[in-house]
Amino acid sequence: MKFYINTPIYYVNDRPHIGHAYTTIVADTLARFHRLKKDDVFFSVGVDENSQKNVQAMEAAGEKDLVAYLDRMAGVWKQTWQDSGIAFTDFIRTTEERHQRGVERFWNAVKKSGDIELREYEGWYCVGCEAFKTETDMVEDKCPLHPNKNLERLKEKNYFFKLTNYRQALLDLIEKTDFVQPESRRHEIRNYVKDHLADISISREAKSLNVGISVPGDESQRIYVWFDALLNYLTVVGYGTDEEMFQKWWPADFWVGGKDILKFHCALLPAMMMSAAKSDPLLQNKDGGALLVKQCFAHGFFTIDGQKISKSLGNAIDPRDLASKYGMDALRYFLLREITFGEDGDFSEKRLQERYESDLGNTFGNLVNRVIAMSKKYFDGAVPQGMNQESGIRNEELCAAVNHAYASHRCDSALAAIWVGLIRANKTIEEAQPFKLIKTDPLAVAKILYDLLEACRWYAWMVYPVMPGTAEKIWAQLGLDREKELSKGWDEGLQWGGLIPGQPLGEPEPLFPRLP
Ligand code: MSP
């Protein structure tokens with residue numbers, strides 16, 4: 001099985017903050033889960049460079065060389081994800097040649113399908129959204145999302161994409177399939193397509209812009225940034241440059257991003273694909289329809305201590321700053337656990353500290369530490385003989401629930417289920433009191449501790465997609481070889497009884513050290 005997943009490509013007008021990190025961590029977790037399942041995984045990330053926002057940011061920084069600015073900022077984004085342990089397969093920049101070639105091919109296909117037309121455009125444009133605004137979108141002559149910026153009045157000849165030709169096809173896609181998730185968003189997109197869909201300008205006069213890909217055959221026009229950016233999901237896997245690769249990976253299996261940009265992904269992009277597929281066989285499925293991204297999931301937005309994340313408020317936290325304090329695994333755990341996937345939420349460092357101390361330190365770290373320390377002490381530093389299936393620690397149902405949660409993209413539910421198991425395991429220790437029982441019934445203690453050690457190995461597997469570093473530490477403390485353990489894959493790794501009695505244990509060390 002192949003699994004191709006992408007995140008939005010972010011604007012480089014600013015540095016990455018934990019909002020962007022959240023989306024990227026969700027995708028990384030799902031990619032890691034699928035790798036454990038032994039799927040062939042492609043996980044793409046990247047940056048959206050052909051945007052006026054980027055030019056304005058460069059100017060505001062007092063710089064003049066756009067290429068140098070874009071190179072530097074693209075580097076900042078890539079480095080941030082690398083430093084954060086995001087295991088992406090490829091990082092695409094929309095100023096790359098390979099991307100431009102794909103965009104040109106795609107434009108020509110849409111044109112051949114008869115869906116592009118030159119029209120006179122007059123209206124309002126919001127650079128913040130990189131989108132046209134109708135009178136109904138506006139509040140007091142401003143874009144409600146960017147009240148500090150004035151809208152630009154445009155009167156130009158532009159190429160239009162006949163989006164409304166695809167209204168019915170989009171409604172069918174949205175209503176009859178699970179293309180848009182979660183359900184609440186499906187309704188929102190459906191209403192938008194039903195009542196508000198309009199043909200859309202997909203180019204701007206080159207003289208009024210200093211970024212963007214030229215319209216094939218018309219140097220006087222540049223391609224609208226969203227039309228270009230949305231195609232990154234195709235070009236990063238070879239559309240326009242490498243047919244074989246493209247056929248291997250396309251269509252993408254899963255897209256995750258914020259609710260703010262769902263319309264572009266669930267209305268504009270599929271309509272563009274339906275149009276281009278009519279003229280480009282590479283984009284067609286067996287029945288001649290378009291090969292579309294299989295599913296789009298819009299997560300919510302979170303605030304920080306109740307406030308919108310913004311540069312001017314100074315709360316646009318770099319994920320690496322938090323990671324240096326709590327560890328990247330703890331930050332990943334916190335973001336995925338604290339924010340219900342699909343809903344809005346709030347981030348607060350105080351909550352992060354609380355969860356670090358209770359969920360991670362007291363519940364998870366303590367369990368692993370006590371179990372390994374007791375086993376070493378009572379059984380000569382090795383895994384004891386005994387496998388007590390009555391102890392209630394082995395829980396196949398929980399394991400299946402975790403698998404199901406990850407497979408249906410619910411990292412938050414997976415973690416909630418795992419923590420039920422961890423709390424249960426801690427309770428077993430409280431109830432059985434192996435530290436007392438050892439004096440009278442070492443055989444019983446051997447059985448309990450075998451199961452608890454095996455549970456540690458198990459839970460390490462289950463948290464791996466979210467907390468890979470922690471899982472590896474646990475395996476090392478259990479005396480397991482990382483490569484050997486990982487090579488088993490999820491299904492074999494989660495067969496109960498993987499620990500061999502008599503095998504020497506490693507050194508117990510706190511997984512989540514006390515905060516200074
Ligand atoms: N460049 C476009 C996307 C093009 S995709 C073909 C763009 N870029 S962006 O830099 O503005 O990133 C927006 C995305 O960042 C959101 O959709 C979301 O994934 C993430 N987030 C930004 N702030 C966020 C929060 N406060 N909370 C959660 N996610 C956030 O739009």
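The values are calculated or read from the model by the stated rules, or taken from the named source; none is laboratory data. All of these numbers come straight from a predicted model, not from anything done at the bench. FYI the Cβ positions are ideal-geometry reconstructions off the backbone, even for glycines, and counts take in every protein chain you see. The accessibility values were calculated without ligands, DNA or RNA, using every heavy atom of the protein model including side chains. Shrake-Rupley method; radii C 1.70, N 1.55, O 1.52, S 1.80 Å.
In the calculated pair distance distribution of region 70-165, what percentage of Cα-Cα distances lie above 17 Å? Don't jump to the answer; show the numbers that get you there.
Values: 3187 of 4560 pairs.
That fraction is 70 percent.
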Exercise for the section: Would you work out the charge dipole size for region 349-493 about its Cα centre, treating the Cβ of every Lys and Arg as +1 and the Cβ of every Asp and Glu as -1, and quote it to the nearest 20 debye? Expected result: 360
Fill in the blank from the handout: Each label sits 7 Å from Cα toward the beta-carbon; between Glu507 and Thr340 the label points are separated, in nm, by 4.4
Problem - Computed [θ] at 222 nm, deg cm²/dmol, the chain (DSSP H ≥ 4; -39,500 (n - 2.57); rounded to nearest 500) - result: -13500 deg cm²/dmol
Fill in the blank from the handout: For Lys155 and Arg424, extending 7 Å from Cα along the Cα-Cβ vector and measuring point to point gives, in nm, a value of 7.1
Exercise for the section: Considering the options Trp249, Cys129, Ala471, tell which one lies farthest towards the positive end of the dipole of the chain, charges being +1 on Lys and Arg and -1 on Asp and Glu at the Cβ, about the Cα centre. Expected result: Ala471
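Lys and Arg at +1, Asp and Glu at -1: add these up for the other residues within a Cβ distance under 12 Å of Asp195 and post the number. Don't skip to the end; give the middle numbers.
Values: positive: Arg167, Arg190, Lys194; negative: Glu188.
Here the count lands on +2.
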Exercise for the section: Would you mind pulling out the separation of the Cα centroids of region 461-491 and region 438-457, in Å? Expected result: 21
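Which whole-number percent is the relative contact order of the chain (Cα, under 8 Å, 6+ apart)? Walk me through the intermediate numbers first.
Working: 832 pairs, mean separation 79.8, N = 516.
Dividing the mean separation by the residue count of the chain yields 15 percent.
Exactly which GluC sites (Glu not before Pro) in region 277-363 are in a DSSP loop and have at most 10 other Cβ atoms within 10 Å?
Values: sites: Glu338, Glu343, Glu349, Glu354, Glu357; in loops: Glu343.
Sites meeting the loop and neighbour criteria: none at all.
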Practice task
Would you compute the Debye intensity of region 349-493 from its alpha-carbon atoms alone, equal scatterers and no solvent, and pass along log10 I(q)/I(0) at q = 0.15 Å⁻¹ to two decimals?
Solution key: -0.77
Practice task
Report the charge-dipole magnitude of the chain in Debye, nearest 20, computed about the Cα centre from +1 at each Lys and Arg Cβ and -1 at each Asp and Glu Cβ.
Solution key: 460
Fill in the blank from the handout: Scan of the chain for trypsin sites (Lys or Arg not before Pro) in DSSP loops with at most 15 other beta-carbon atoms within 10 Å gives a longest site-free stretch of 150-285
Practice task
Run the dipole for region 5-70 about the Cα centre, Lys and Arg Cβ at +1, Asp and Glu Cβ at -1, nothing else charged, and hand back the magnitude in debye, nearest 20.
Solution key: 380
Completion exercise
Ranking Ala373, Ala405, Thr428 by how far each Cα lies towards the positive end of the charge dipole of region 349-493 (+1 on Lys and Arg Cβ, -1 on Asp and Glu Cβ), the top one is Ala373
Practice task
Can you grab the distance from the C-alpha centre of region 348-364 to the C-alpha centre of region 168-202, Å, no decimals?
Solution key: 40
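Between Glu63 and Glu205, what length in nm is gained on full extension when 0.36 nm per residue of separation is reduced by their alpha carbon distance?
On the way: separation 142, 0.36 × 142 = 51.12 nm, distance 2.39 nm.
Gain on stretching Glu63 to Glu205: 48.7 nm.
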Handout entry: Simple spin-label estimate for Lys194 and Asn165 in nanometres, 7 Å along Cα-Cβ
Key = 2.5
Problem - Fully extended contour minus Cα-Cα distance, from Asp441 to Glu354, at 0.36 nm per residue - result: 27.5 nm
Fill in the blank from the handout: All alpha-carbon distances of the chain, grouped into 10 Å bins from 0, give the whole-percent distribution 4, 17, 26, 23, 15, 9, 5, 2, 0
Handout entry: Sites His404 and Thr89, calculated FRET efficiency, Cβ-Cβ separation with R0 25 Å, nearest 0.05
Key = 0.50
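What number comes out for accessible area per residue over the chain if the probe is 1.4 Å? Units Å², please.
On the way: 21840 Å² over 516 residues.
Solvent-accessible surface per residue comes out at 42 Å².
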Practice task
Before anything else, pin down the relative contact order of region 313-451: Cα pairs under 8 Å, at least 6 apart, normalised by residue count, whole percent.
Solution key: 29
Completion exercise
HN-Hα couplings for region 185-194 via Karplus (6.51, -1.76, 1.60; θ = phi - 60°), in whole Hz with x for Gly/Pro, come out as 6, 4, 5, 4, 5, 4, 5, 4, 5, 5
Completion exercise
Taking a ≥ b ≥ c as the square roots of the eigenvalues of the Cα gyration tensor, with a/c under 1.5 meaning rounded and otherwise prolate when a/b exceeds b/c and oblate if not, region 261-404 is oblate
Exercise for the section: Stick to the Cα atoms of region 212-260, pair each with every other, and give me the Kirkwood hydrodynamic radius in Å at one decimal. Expected result: 12.5
Fill in the blank from the handout: Out of Ser84, Gly361, Ser214 - ranked by how far each Cα lies towards the positive end of the dipole of the chain, with unit charges on the beta-carbon of charged residues - the top one is Gly361
Fill in the blank from the handout: Relative contact order as a percentage, region 409-516, C-alpha pairs under 8 Å and 6+ apart, gives 23
Problem - P(r), alpha carbons of region 1-152 - 5 Å bins starting at zero, rounded % - result: 2, 8, 14, 14, 16, 17, 14, 10, 4, 2, 0
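Rounded to the nearest 5, what % of DSSP beta bridges with both residues in the chain are antiparallel? Mind dumping the intermediate values first?
Numbers: 24 of 46 bridges.
Bridges in the chain that DSSP calls antiparallel: roughly 50 percent.
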Completion exercise
Taking the alpha-carbon centre of each part, the distance from region 118-152 to region 370-416 in Å is 54
